[in-house]
Amino acid sequence: MRLVFAGTPEVAVPALDALIASGRHEVAAVVTRPDAPAGRGRRLVASPVAQRAEEAGIEVLKPAKPRDPEFLERLRQIAPDCCPVVAYGAILPRVALDVPAHGWVNLHFSLLPAWRGAAPVQHSIMAGDEITGATTFLIEEGLDSGPVYGTVTEEIRPTDTSGDLLTRLAFAGAGLLAATMDGIEDGALKAVPQPGDGVSLAPKVNVEDAHVDWSAPALRVDRLVRGCTPAPGAWTVFRGERLKLIQVRPVPERTELAPGALAVGKNSVHTGTGSYAVELLWVQAQGKKPMRAADWARGVRIADGELLGA
């Protein structure tokens, strides 16, 4: 088939690579978000997908909005059979959805209808799911509600961060998306409506959502930290300033610490929660680089009775 691929961040690059390498389909163009400011100089930088497409000699379209008339006209000229999508980052209007004969097919990083929305991987970790996966589905105007072509499952490991899990899903999902394109071309795949039960939502996780509540159980604290790593980053307050929590470890055998209370050992820092303690492994103070929590504690010289979150 003749394809126009839509995607923006690094997580979409494996799928683009898989389609380019398939040898079965032609990636005629790529649609991505406009260049965005990055780095200390805030200079405009092309998205990871745009950079990969340019390396491969593929035409890159960067509409400010996918309903822009110039973009729609160019899309009609290219005349794609299908438009595979991975984390494009903009809502597609009906007028764009109607252009390709086989529609726009999205790779979503959950087992739909679970975790519809912008942050499925973060929410699956924070909820304590043991299994997640990726789904290919035909895009409709509803939120991730279209009929499903295929799925692949992935175990959530006890120490997975959202970054770890998303990386694995990006590569597993790339194969699924390529296979979905093959099945659509063959006529062997038919999209099946999603069930009405089991729907859950995964809205974007903002900075306030990442604020640790030390009265919550240790497992919930651990899941929040892992789910918010690398972004937006779980955090607490110490001496009136934010302290980013990069990695913690539940310690079930230690139950004597009150929520937020700190216990500093020679090479360890423990904090109480609503159940049992967690060990702080890696933290990042404001204006500092990430460091081992024991090194941070030695540097700030924690006094008796000081709390996190106070």
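The values are calculated or read from the model by the stated rules, or taken from the named source; none is laboratory data. This structure is a prediction, so every number in the text was calculated from the model and none was measured. Cβ sites come from the backbone with ideal geometry, for glycine too, and all protein chains shown count toward neighbours. Accessible surface areas use protein heavy atoms only, side chains included; no ligands, DNA or RNA. Shrake-Rupley method; radii C 1.70, N 1.55, O 1.52, S 1.80 Å.
Of the strands (runs of 3 or more DSSP E) contained entirely in segment 103-191, those carrying at least 3 residues that are closer than 23 Å to Ala6 by Cβ and in contact (Cβ under 8 Å) with a residue 60 or more places away in the chain fall at 104-108.
Could you tell me whether segment 93-105 includes any residue that is within 23 Å of Pro48 (Cα to Cα) and out of contact with any Leu (no Cβ under 8 Å at 6 or more places or on another chain)? For segment 93-105, residues within 23 Å of Pro48 (Cα to Cα) and out of contact with any Leu (no Cβ under 8 Å at 6 or more places or on another chain): absent. Residues that are open to solvent by 50 Å² or more (accessible area, probe 1.4 Å), without any contact (Cβ under 8 Å) to a residue 12 or more places away in the chain and within 28 Å of the chain's Cα centre (by Cα) do occur in segment 265-288. Among the numbered conditions (1) open to solvent by 50 Å² or more (accessible area, probe 1.4 Å); (2) of a type in the set (A, V, I, L, M); (3) in contact (Cβ under 8 Å) with a residue 24 or more places away in the chain, the only one that Leu44 does not meet is (3).
In the set Ala188, Ala174, Ala170, Ala210, only one residue is surrounded by fewer than 15 Cβ atoms within 10 Å (Cβ to Cβ) and either touching a helix residue (DSSP H, G or I) at 6+ places or on another chain (Cβ under 9 Å) or charged (D, E, K, R) (or both); that residue is Ala188. Looking across segment 48-62, the residues that are touching a Pro at 6+ places or on another chain (Cβ under 9 Å) and open to solvent by 10 Å² or more (accessible area, probe 1.4 Å) come down to Pro48, Lys62.
Per the conditions (1) among the charged types (D, E, K, R); (2) assigned to a loop (DSSP other than H, G, I, E, B); (3) open to solvent by 70 Å² or more (accessible area, probe 1.4 Å), the sole criterion not satisfied by Arg242 is (2).
Any residue in segment 158-168 that is closer than 16 Å to Cys228 by Cα and more than 16 Å from the chain's Cα centre (by Cα)? Please lay out each step first, then the result.
First pass over segment 158-168, keeping only residues closer than 16 Å to Cys228 by Cα: 158-167.
Next, only the ones that are more than 16 Å from the chain's Cα centre (by Cα) stay: 158-159.
Yes, some residue in segment 158-168 is closer than 16 Å to Cys228 by Cα and more than 16 Å from the chain's Cα centre (by Cα).
If you go through segment 143-160 one residue at a time, do you hit one that is loosely packed, with under 15 Cβ neighbours inside 10 Å, within 30 Å of Ala258 (Cβ to Cβ) and modelled with pLDDT of 95 or more? Within segment 143-160, one or more residues are loosely packed, with under 15 Cβ neighbours inside 10 Å, within 30 Å of Ala258 (Cβ to Cβ) and modelled with pLDDT of 95 or more.
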